[in-house]
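Peer 1: Submitted below is the structure of interest, expressed as structure tokens.
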Amino acid sequence: MDKTRAVYGIDLGTTYSCIAQVDKFDQAIVLTNFEGNQTTPSVVYFESKDKTMVGSEAKGMLATEPHNCVSFVKRSMGVDADFDKATNKFPYHYDPSEISALILKKLVQDANDLGDNPEPVKDVVITCPAYFGTKERMQTKQAGEIAGLNVLAIINEPTAAAIAYGMKTTERKTVLVYDLGGGTFDVTIINVNGGAIKVIATGGDHHLGGVDWDTELANYMLDQFNAQTGGSYTMDDEELKYTLLLEAETKKKQLTAKDNVKCNVQYDGQSARFEISRALFDELTRAHLDETIDATRKVIDIAKEKGYNDDFEFLLVGGSSRMPQVKQRLDAEFNCDAKLSDPDQCVAKGAAIYAMNEAYNKAIEDYENGDSDVKPKTMRGPRARVVNVTSKTYGTDFMDADGNKMVSNLIFANTSLPTRAEETFNTMCDNQTQVPVKVLESDFTSPETDKVVEERFCTLLEDRYLDIHQKWPKGTPVKVIFDVDGEGILHVHAEVSSEQLDFTLRIQGVKTGEELSKSIAAIGKTVVE
């Protein structure tokens with residue numbers, strides 16, 4: 001069997017997720033779920049600790065049992081409080097990576113039951129927002145492992161979209177991927193030359209997406225409901241909140257094709273009828289669209305600093321980019337003709353193409369290293385060669401002459417991957433037994449102006465003392481080495497003279513081996529419907 005075909009791409013989305021593969025005709029296709037749809041709502045309903053529903057049925061429970069449901073869990077990736085078993089807000093204290101694993105389990109389960117797969121789905125590439133840092137990427141990868149999958153790679157959503165797009169064109173282009181999903185927004189500028197993908201610059205906000213448009217519309221509906229019923233309801237009422245959010249999502253989609261829609265909100269034995277125009281919806285949500293435009297300008301400026309002009313082809317992906325306001329505004333602001341390209345499925349399709357390439361490269365490596373006796377056949381199907389960039393800036397701390405806590409940035413956002421940088425410090429006394437090492441992450445972008453920044457503007461990833469086992473004199477060099485791999489995940493090494501120090505990033509919210517095993521066991525026995 002051709003093992004390069006037994007791999008899959010998964011778009012693990014904030015509001016909807018889907019799974020794809022490259023079929024025997026060399027076409028990337030999205031697999032349907034049990035309900036017959038190609039996308040699955042990223043909603044989990046906990047019937048009990050060991051029994052859950054994922055998808056459309058779970059989404060339907062939001063308005064009646066919101067406390068037993070979890071939605072938009074992707075926005076909790078990287079949020080330490082939501083990984084704290086004692087205090088987090090999720091049912092049965094599952095954390096975001098475990099809840100994400102349940103969504104993955106549903107996708108894989110349906111693909112196994114309904115797909116024409118010779119073997120169970122195991123090897124996958126999972127996508128994430130380009131703006132995710134090391135913590136969120138590691139947590140996403142662990143979600144796949146908890147679901148029982150072998151995660152070949154994590155790939156940025158806009159990069160995956162560009163791969164799918166690149167397979168359809170033979171022209172060399174510079175493409176700006178405007179990716180407005182349900183809960184995250186990315187803007188990425190990419191050189192596309194068939195299967196050769198080179199990321200130039202990226203930015204965005206993983207707390208901005210279509211749900212924010214829904215929220216604005218839901219708030220307007222609440223005001224209308226209170227005005228007509230004489231009530232004083234608020235969004236603190238969870239059942240009303242999700243009733244309105246679900247209705248707002250429906251009306252948002254209808255306004256994509258219509259200029260006006262009628263609303264009939266019913267709750268607590270009362271009802272309100274009113275009309276919403278597309279112009280009103282656009283005005284209610286203008287501030288969020290402004291945020292995406294500002295982020296787009298910033299990424300264009302970064303690309304210009306790298307020597308690229310602004311002659312980009314604008315590619316719209318993510319379901320929320322269907323809103324007419326998006327294309328209209330982009331075309332007006334940037335004098336372009338933005339193109340909508342398979343917005344709901346292109347990310348999963350691109351991930352599937354990338355997965356096939358990763359599997360083929362691994363098979364070649366195993367054969368050349370003697371780990372396999374079978375020489376892989378020449379790969380059929382689309383080729384993808386990706387050069388990515390890091391989305392975050394990484395540095396380590398020091399104290400300046402005035403006693404201020406500062407950060408020396410070693411690797412900057414939008415540096416091509418993989419990349420490496422190092423900094424050398426000196427021991428403070430003879431026979432020093434420990435050295436303190438902090439690893440910090442930030443959104444600074446300019447090597448010229450942001451080489452040294454105040455620590456308070458950075459996010460702490462790691463802070464601990466490393467043991468020195470040999471006796472060294474005062475002033476002995478301590479070298480700290482930062483590596484960011486092709487997936488955008490940071491690895492840190494340290495050494496004192498010739499002595500290698502034991503340093504593995506222990507990021508809060510990223511599971512240890514023991515914690516990972518417990519999560520795998522817990523999710524493994526959970527029934528998903």
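The values are calculated or read from the model by the stated rules, or taken from the named source; none is laboratory data. From a predicted model like this one, the values you see are computed outputs, not experimental measurements. Cβ coordinates were reconstructed from backbone atoms using ideal geometry, including for glycine residues, and neighbour counts include every protein chain displayed. Heavy atoms of the whole protein, side chains included, go into the accessibility calculation; ligands, DNA and RNA do not. Shrake-Rupley method; radii C 1.70, N 1.55, O 1.52, S 1.80 Å.
Peer 1: If Arg456 passes every condition in (1) modelled with pLDDT of 90 or more; (2) of a type in the set (Lys, Arg); (3) under 29 Å from Tyr94 (Cβ atoms) but one, which one does it miss?
Peer 2: (3)
Peer 1: Here is a follow-up. How about segment 103-183: which strands (runs of 3 or more DSSP E) wholly inside it have at least 2 residues that are in contact with a Cys (Cβ under 7 Å, 6 or more places away or on another chain) and open to solvent by less than 10 Å² (accessible area, probe 1.4 Å)? Lay out the reasoning, then the answer.
Peer 2: Values: elements: 123-128, 150-156, 172-180.
Result: 150-156.
Peer 1: A further question on this structure: Find all pairs meeting these conditions: Cβ atoms under 7 angstrom apart; at least six residues apart or on different chains; first residue within segment 61-79 and aromatic (Phe, Trp, Tyr); second residue part of a helix (DSSP H, G or I) and modelled with pLDDT of 95 or more.
Peer 2: Phe72/Val211
Peer 1: Out of the residues in segment 393-418 meeting the condition of being open to solvent by 30 Å² or more (accessible area, probe 1.4 Å) and under 22 Å from the mean Cα position of the chain (by Cα), tell me which one is farthest from Lys298 (Cα to Cα).
Peer 2: In this case the residue turns out to be Pro418.
Peer 1: So, one more: Which residue out of Glu462, Glu455 is farther than 25 Å from Asn388 by Cα and among the charged types (D, E, K, R)?
Peer 2: Numbers: Glu462 fails: farther than 25 Å from Asn388 by Cα.
The match here is Glu455.
Peer 1: Quick test of your reading of the structure: Asp344 fulfils all but one of (1) within 30 Å of Val326 (Cα to Cα); (2) outside any loop (DSSP other than H, G, I, E, B). Name the failing condition by number.
Peer 2: (2)
Peer 1: From Ala338, Ala351, grab the single residue that is at pLDDT 95 or above and touching a Gly at 6+ places or on another chain (Cβ under 7 Å).
Peer 2: On the way: Ala338 fails: touching a Gly at 6+ places or on another chain (Cβ under 7 Å).
Only one candidate qualifies: Ala351.
Peer 1: Which number in (1) part of a strand (DSSP E or B); (2) open to solvent by 60 Å² or more (accessible area, probe 1.4 Å) marks the one condition that Thr202 misses?
Peer 2: All conditions are met except number (2).
Peer 1: Condition first: open to solvent by 80 Å² or more (accessible area, probe 1.4 Å) and in a strand (DSSP E or B). Now tell me which residues in segment 494-529 satisfy that. Can you show your working first?
Peer 2: Going residue by residue through segment 494-529, those that are open to solvent by 80 Å² or more (accessible area, probe 1.4 Å) are 498, 500, 502, 504, 506, 508, 514-515, 518, 525, 529.
Selection gives Gln500 alone.
Peer 1: Residue check, Ala218 against (1) surrounded by 22 or more Cβ atoms within 10 Å (Cβ to Cβ); (2) touching a Leu at 6+ places or on another chain (Cβ under 6 Å); (3) touching a residue at least 40 places away in the same chain (Cβ under 8 Å), all met but one. Which one?
Peer 2: The single condition Ala218 does not satisfy is (3).
Peer 1: Turning to a different aspect of this structure: Please enumerate the residues belonging to segment 506-520 that are of a type in the set (Val, Ile, Thr) and without any contact (Cβ under 8 Å) to a residue 24 or more places away in the chain.
Peer 2: Restricting attention to segment 506-520, the residues satisfying the condition of being of a type in the set (Val, Ile, Thr) are 507, 510, 512, 520.
Within segment 506-520, Thr512 is the sole residue that qualifies.
Peer 1: Answer yes or no: is there a residue in segment 77-98 that is more than 26 Å from Met235 (Cβ to Cβ) and either open to solvent by less than 20 Å² (accessible area, probe 1.4 Å) or assigned to a helix (DSSP H, G or I) (or both). Working first, answer last.
Peer 2: Quick first cut of segment 77-98, residues more than 26 Å from Met235 (Cβ to Cβ) only: 85-86, 97-98.
Going one step further and asking which of them are either open to solvent by less than 20 Å² (accessible area, probe 1.4 Å) or assigned to a helix (DSSP H, G or I) (or both), we end up with 97-98.
Yes, because at least one residue in segment 77-98 is more than 26 Å from Met235 (Cβ to Cβ) and either open to solvent by less than 20 Å² (accessible area, probe 1.4 Å) or assigned to a helix (DSSP H, G or I) (or both).
Peer 1: Which of (1) open to solvent by 40 Å² or more (accessible area, probe 1.4 Å); (2) at pLDDT below 90; (3) over 23 Å from the mean Cα position of the chain (by Cα) does Glu422 not meet, given it meets every other one?
Peer 2: (2)
Peer 1: Here is a list of conditions, (1) touching a residue at least 24 places away in the same chain (Cβ under 8 Å); (2) more than 26 Å from Ser271 (Cβ to Cβ); (3) not hydrophobic (A, V, I, L, M, F, W, C), and Asn191 meets all of them except one; can you say which number that is?
Peer 2: Unmet condition: (1).
Peer 1: Check every one of the strands (runs of 3 or more DSSP E) wholly within segment 367-438 and list those with 3 or more residues that are over 27 Å from Tyr465 (Cβ atoms).
Peer 2: On the way: elements: 385-387, 393-399, 405-411, 419-426.
So the answer is 385-387.
Peer 1: I'd like the full set of residues that are assigned to a loop (DSSP other than H, G, I, E, B) and within 25 Å of the chain's Cα centre (by Cα), limited to segment 35-57. Steps first, answer last, please.
Peer 2: Start the filter on segment 35-57 by keeping residues that are assigned to a loop (DSSP other than H, G, I, E, B), which leaves 35-39, 42, 49-50, 55.
Asn37, Gln38, Thr39, Ser42, Gly55 - these are the residues of segment 35-57 that are assigned to a loop (DSSP other than H, G, I, E, B) and within 25 Å of the chain's Cα centre (by Cα).
Peer 1: Scan segment 1-29 for residues that are outside any loop (DSSP other than H, G, I, E, B) and either of a type in the set (Gly, Ala, Ser) or open to solvent by 10 Å² or more (accessible area, probe 1.4 Å) (or both) and jot them down. Working first, answer last.
Peer 2: Step one: of segment 1-29, the residues outside any loop (DSSP other than H, G, I, E, B) are 3-5, 7-11, 16-22, 28-29.
Of everything in segment 1-29, those that are outside any loop (DSSP other than H, G, I, E, B) and either of a type in the set (Gly, Ala, Ser) or open to solvent by 10 Å² or more (accessible area, probe 1.4 Å) (or both) turn out to be Lys3, Thr4, Arg5, Gly9, Asp11, Tyr16, Ser17, Ala20, Gln21, Ala28, Ile29.
Peer 1: Still on this structure, I have one more. Pairs under 8 Å by beta carbon, first residue farther than 12 Å from Ile276 by Cα in segment 245-265, partner in a strand (DSSP E or B) and hydroxyl-bearing (Ser, Thr, Tyr), six or more apart or different chains?
Peer 2: Cβ pairs passing all conditions: Val265/Ser271.
Let's see how each residue does on (1) of a type in the set (Phe, Trp, Tyr); (2) under 15 Å from Tyr354 (Cβ atoms):
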residue: Glu157; (1), (2): no, yes
residue: Arg172; (1), (2): no, no
residue: Phe185; (1), (2): yes, no
residue: His207; (1), (2): no, no
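Peer 1: Continuing with this model, one more query. Please state which one of Glu291, Glu249, Glu239, Glu283 is of a type in the set (Asp, Glu) and under 30 Å from Gly166 (Cα atoms). Lay out the reasoning, then the answer.
Peer 2: On the way: Glu249 fails: under 30 Å from Gly166 (Cα atoms); Glu239 fails: under 30 Å from Gly166 (Cα atoms); Glu283 fails: under 30 Å from Gly166 (Cα atoms).
Answer to the check: Glu291.
Peer 1: Starting from segment 487-505, keep only residues that are without any contact (Cβ under 8 Å) to a residue 24 or more places away in the chain, then list their pairs with residues that are surrounded by fewer than 12 Cβ atoms within 10 Å (Cβ to Cβ) whose Cβ atoms are within a distance under 9 Å, requiring at least 6 positions of separation or different chains.
Peer 2: Cβ pairs passing all conditions: His491/Thr504; His493/Gln500; Ser498/Gln470.
Peer 1: Please go through segment 449-470 and give me each residue that is in a loop (DSSP other than H, G, I, E, B) and open to solvent by 80 Å² or more (accessible area, probe 1.4 Å), ordered by number. Quick ask: steps written out before the conclusion?
Peer 2: Going residue by residue through segment 449-470, those that are in a loop (DSSP other than H, G, I, E, B) are 449-451, 458, 468-470.
Listed by number, the residues that qualify are Thr449, Lys451, His469, Gln470.
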